[in-house]
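Every read-out reported here was derived from the displayed coordinates using simple, explicitly stated rules and does not represent laboratory data. Computed from a prediction, not measured in an experiment: that's the story for all the values here. Here the Cβ positions follow ideal geometry from the backbone for every residue, glycine too, while neighbour counts run over all protein chains shown.
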Ligand SMILES: [Zn+2]
């Protein structure tokens, strides 16, 4: 049976019923950290793996370009940057996803445009083996790499970018919003998400079926990106569409 809707109009209707209103963020003297979620080859370099875009994807390309612009601006000011890198032990599955970002494949490394961060003194790289970076940052002794980073720098605001808007970005941001109220990062006041530097993947119902996947694997990009932003905003994250840094 053909669908009774078309996706572009459904996305427009959803945006009308559940609006997200990105604001402009001007970063000044307030202590801000940039969090980059999973901008690794396995998610953001064309053809790099099971979960990488199969063809050039404008939303992903714009995310990488805007992340590079922001990261260079942060680095010039010696402001802190934390990058999550999805990294899995080979052969250890992460359901419901197919194998991805296994250690040693190169999928688990930053995309070429951001590889300079590996050598940058302002950047902290955190490898994680699960969707939620806050959980992935928990060490064997119970301490947390994100909490330690926020507290060491006395960060007042986190600006979050990356992939996927409605998966790893959203899970991290929603958890961070709870952690903020739990008072073990006393300096942290604001959690901002840059909509234009986030992206998610596109998998139509038809392509899912052609790959032998259930129709519930369908993941239309514009719609799920909007839903991710909506849920983060509805829990208290500030969604921004434009980020300006003071000189
Ligand atoms: Zn993963």
Criterion (within 16 Å of the ligand (Cβ to nearest atom) and in contact with a helix residue (DSSP H, G or I) (Cβ under 9 Å, 6 or more places away or on another chain)) met by exactly one of 67, 45: 45
Test: residue in segment 167-174 that is within 15 Å of the chain's Cα centre (by Cα), away from the ligand (no atom under 16 Å from the Cβ) and in contact (Cβ under 8 Å) with a residue 40 or more places away in the chain: yes
Verdict on residue 179 being surrounded by fewer than 21 Cβ atoms within 10 Å (Cβ to Cβ) and in contact with a helix residue (DSSP H, G or I) (Cβ under 7 Å, 6 or more places away or on another chain): yes
Candidate set from segment 122-152 (those that are in a helix (DSSP H, G or I) and in contact with a helix residue (DSSP H, G or I) (Cβ under 8 Å, 6 or more places away or on another chain)); member that is farthest from the ligand (Cβ to nearest atom): 147
Subset of segment 71-95 (residues that are in contact (Cβ under 8 Å) with a residue 60 or more places away in the chain and within 23 Å of residue 131 (Cβ to Cβ)): 82, 84, 86
Among (1) crowded, with 24+ Cβ neighbours inside 10 Å; (2) within 15 Å of the ligand (Cβ to nearest atom); (3) free of Cβ contacts under 8 Å to residues at least 60 places away in the same chain - the single one residue 193 does not satisfy: (2)
